[in-house]
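Okay, so here's the structure we're looking at.
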């Protein structure tokens with residue numbers, strides 16, 4: 001997904017905590033019409049998904065895939081939001 005980057009914070013003990021960081025860009029993977037959600041690209045299925053309720057699941061899968069790719073033994077995932085952006 002082009003509108004999400006995997007970011008991380010490191011705590012005092014050196015443990016990395018990964019989380020999604022949303023990017024404000026013109027996206028090919030997120031479709032918005034008239035300021036309303038229309039669809040999100042589901043890479044696993046190879047098509048757009050119009051269910052708003054599936055957005056969190058699709059983003060979580062992306063975060064898990066990136067975590068596995070990075071293969072960090074101390075990987076902890078923070079789901080749902082970017083704690084640096086309130």
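Number of residues in segment 1-53 that are in contact with a helix residue (DSSP H, G or I) (Cβ under 8 Å, 6 or more places away or on another chain) and surrounded by fewer than 14 Cβ atoms within 10 Å (Cβ to Cβ) equals 3. Sort out which residues of segment 33-72 are free of Cβ contacts under 8 Å to residues at least 24 places away in the same chain, in a strand (DSSP E or B), closer than 29 Å to residue 17 by Cβ and touching a strand residue (DSSP E or B) at 6+ places or on another chain (Cβ under 7 Å), and write them in order of number. Those that are free of Cβ contacts under 8 Å to residues at least 24 places away in the same chain, in a strand (DSSP E or B), closer than 29 Å to residue 17 by Cβ and touching a strand residue (DSSP E or B) at 6+ places or on another chain (Cβ under 7 Å): 42, 49.
Only the coordinates and a few stated rules stand behind these numbers; no lab work does. What you see is a predicted model, and the numbers here were worked out from it, not measured in a lab. Every residue, glycine among them, receives a Cβ derived from its backbone with ideal geometry; neighbour counts consider all protein chains shown.
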